[in-house]
Amino acid sequence: MKTLILALVALILGQCLELKRLLKPASAALHKFCLLKSPESAYSELYKGIVCAASLEYGTHRLELLKWSGLLHLVVVSGSHLHLLKSQFQLISLGLKKLLIFFCHSILFTKTSVELPQKFSIFCLSSFLIFYALVCKLDPPIVRALFGLGVAALTPRLSLGWSGAHQACYASLLGGLVFPEFKFSLSYQLSCMASLAISMKAISASSQQLLLSLILAPLLMPLGGLSWVSLPMNLILGPLIGGILFPISLISFIFKGFTPLSDFIWSLLLLALESLKTESITSSNPSTFQVFGLIYCIGAHIIWIKGQKMHEL
């Protein structure tokens, strides 16, 4: 019954109220403001992409380099950035709370426990994430991640009893109902499949990345988005881009003094990708379909072996 009510509300927001059309003016204004605040740098285009969800200029060498490495989804705003912002927001809130307690103890000489109402904390976090989604012009992957976080938060509060895979499926469905124009969006489809893969708890980070590549491969294959380096690049550089480069680039929008540091990190990343691509023998590179076949074959065998081991335990 609760699931039907959620679906009905989503349907009303999407079909009757046309939510995206209502939010479009505010989203366009916030996105423009974000672009104007981008640091003045040789990497300005990349700053706008990773923070504001601006599209990289088609046909540029940097775009081709990121597509070849399989890291493009991390350099333009993705759902993982929203999850990272949620974690950072919670860490900052915890730090401010501890600072306030220290102030009360040291300055006011009063021992008091600072506890914000849970509903107020949830409201602040939700408002912050929705604000960032508007800044990113409500891009499909951001919207999908926003619904994923919302469903994850509602599941225990409404006693829905949904597993991780159920949450991923229902979040994709609700997002599609509220924003029906996303149903043919490849980026939304990729985001949905990625969240489904992540919900399947893998044994290790390498297994998780392999499973993710295996599930996304059929959607990426028509775009030529599969390369023999994609898997190791995402496994090694993915956490560094998401955990270091994105936060520092975001801080550079607010504190321009961080721009030289983030410029240096961007230069190192591009230099590493350039050197790897230069050393590869382009004439003997396998086709996208051959790469897909290799990933599918190896991935299926590894997942099956790990599944057998878990079954034996």
Does Tyr58 satisfy the condition of being buried (at least 23 other Cβ atoms within 10 Å of the Cβ) and hydroxyl-bearing (Ser, Thr, Tyr)?
-> no
Taking region 48-79, which residues are among the small types (Gly, Ala, Ser), free of Cβ contacts under 8 Å to residues at least 40 places away in the same chain and outside any helix (DSSP H, G or I)?
-> Ala54, Ser55, Gly59
Between residues in region 31-45 that are small (Gly, Ala, Ser) and assigned to a helix (DSSP H, G or I) and residues that are modelled with pLDDT of 90 or more and surrounded by 15 or more Cβ atoms within 10 Å (Cβ to Cβ), which pairs lie under 7 Å by C-beta distance while being six or more apart or on different chains?
-> Ser44/Ser38
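Suppose the filter is crowded, with 19+ Cβ neighbours inside 10 Å and at pLDDT 80 or above; does Pro25 pass it? Break it down stepwise before answering.
Values: crowded, with 19+ Cβ neighbours inside 10 Å: no; at pLDDT 80 or above: yes.
For Pro25, the condition - crowded, with 19+ Cβ neighbours inside 10 Å and at pLDDT 80 or above - is not met.
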Look through region 222-251, keep the residues that are hydroxyl-bearing (Ser, Thr, Tyr) and at pLDDT below 75, and return whichever of them is surrounded by the most Cβ atoms within 10 Å (Cβ to Cβ).
-> Ser230
Residue satisfying condition, being modelled with pLDDT under 90, assigned to a helix (DSSP H, G or I), of a type outside the set (A, V, I, L, M, F, W, C) and surrounded by 16 or more Cβ atoms within 10 Å (Cβ to Cβ), within set Lys306, Lys277 = Lys306
Filter pass, Val114 being in contact with a Phe, Trp or Tyr (Cβ under 7 Å, 6 or more places away or on another chain), more than 24 Å from Ala168 (Cα to Cα) and either modelled with pLDDT of 85 or more or not aromatic (Phe, Trp, Tyr) (or both) = no
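Given the criterion small (Gly, Ala, Ser) and either under 29 Å from Lys48 (Cα atoms) or surrounded by 15 or more Cβ atoms within 10 Å (Cβ to Cβ) (or both), identify the matching residue among Ser126, Ser163.
Sole residue among the options that is small (Gly, Ala, Ser) and either under 29 Å from Lys48 (Cα atoms) or surrounded by 15 or more Cβ atoms within 10 Å (Cβ to Cβ) (or both): Ser126.
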Within region 83-92, is even one residue touching a Gly at 6+ places or on another chain (Cβ under 7 Å) and under 30 Å from Ser230 (Cα atoms)?
-> yes
Among the residues listed as Leu108, Leu91, Leu99, the single one being in a helix (DSSP H, G or I), at pLDDT below 80 and exposed (fewer than 12 other Cβ atoms within 10 Å of the Cβ) | Leu99
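The values are calculated or read from the model by the stated rules, or taken from the named source; none is laboratory data. Because the structure is predicted, anything quoted here is derived from the model rather than measured. Quick reminder, even Gly has a Cβ in these numbers, built from the backbone with ideal geometry, and neighbours come from all protein chains shown.
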